[in-house]
Amino acid sequence: METSATKNILGLQLPTDPRWVDLASLSLEAILTDHAWCEQKAATSCISLITRYSARERLVQELSPLVTEEWGHFRLVLAELQKRGLRLGRQRKDVYVNQLMAFEQKGGSEEERFLDRLLIFALIEARSCERFKRLSEGLEDAYLRQFYRRFMDSEAGHYHLFIELATAYIDKDTVRRRWKEWLEYEAGVMESMEVRGDRIH
């Protein structure tokens, strides 16, 4: 049932391995550190999109407040680390995101490359949402379960926003076809990756 729900809501083809939450609960400093840096990178990535596509008025208007929200999330996670007497560790190489980027159009038209940029952000937000759902349901710490429930809801909204932006600028059938390809590729990435509890992705 959970797998079906994940597919229906987010389109993800492969749910997170249930062991991941147990591993994450044993590595709170690491998982919170990685979460903080994911939020920081989300904010700077939105700034990069605004800078690159400044002529696209709707994109600029929609992503500008998202920058503020993502940076606010970074600060929330940082505060949680400090509250627990934990330290913000160093930013790590994001193997998951790097593998997704390898699937982006390198040639083709500007529109195809633009679409891939939006869809990769949508996919990262969808997977983050699914992971936060796991944490909100599986952690023993009641406060952290609620903490991650809030992030889950936010990531779901972000995922929808990037899909909406794609369909606002590009033919819906083209978006749907490419999104299906991205989902199939991402499932392969997830299947090939080691299950680790020290990272969000």
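Of note:
- Among (1) modelled with pLDDT of 95 or more; (2) outside any helix (DSSP H, G or I); (3) under 28 Å from Ala187 (Cβ atoms); (4) polar (S, T, N, Q), the one test that Ser54 misses: (3)
- Among the candidates Tyr148, Tyr53, residue that is without any contact (Cβ under 8 Å) to a residue 40 or more places away in the chain, surrounded by 17 or more Cβ atoms within 10 Å (Cβ to Cβ) and aromatic (Phe, Trp, Tyr): Tyr148
- Exclusive hit being surrounded by 18 or more Cβ atoms within 10 Å (Cβ to Cβ), among the hydrophobic types (A, V, I, L, M, F, W, C) and either in contact with a helix residue (DSSP H, G or I) (Cβ under 6 Å, 6 or more places away or on another chain) or not in a helix (DSSP H, G or I) (or both), set Val77, Val60: Val77
- Selection within segment 81-102 - under 19 Å from Val195 (Cα atoms), assigned to a helix (DSSP H, G or I) and free of Cβ contacts under 8 Å to residues at least 40 places away in the same chain: Asn98
- Scanning segment 63-74 for residues that are small (Gly, Ala, Ser) and either in contact (Cβ under 8 Å) with a residue 24 or more places away in the chain or outside any helix (DSSP H, G or I) (or both) yields nothing.
- Meets criteria (among the basic types (Lys, Arg) and in contact (Cβ under 8 Å) with a residue 24 or more places away in the chain) for Arg177: no
Listed here are the residues, each with its yes/no results for (1) surrounded by 13 or more Cβ atoms within 10 Å (Cβ to Cβ); (2) farther than 24 Å from Ser64 by Cα; (3) of a type outside the set (Val, Ile, Thr); (4) out of contact with any Phe, Trp or Tyr (no Cβ under 8 Å at 6 or more places or on another chain).
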site	(1), (2), (3), (4)
Ser154	yes, no, yes, yes
His160	yes, no, yes, yes
Ala168	yes, no, yes, yes
Val175	yes, no, no, yes
Lys180	no, yes, yes, yes
Glu186	yes, yes, yes, yes
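The values are calculated or read from the model by the stated rules, or taken from the named source; none is laboratory data. From a predicted model like this one, the values you see are computed outputs, not experimental measurements. Glycine also receives a Cβ, built like all others from the backbone with ideal geometry; neighbour counts cover every protein chain displayed.
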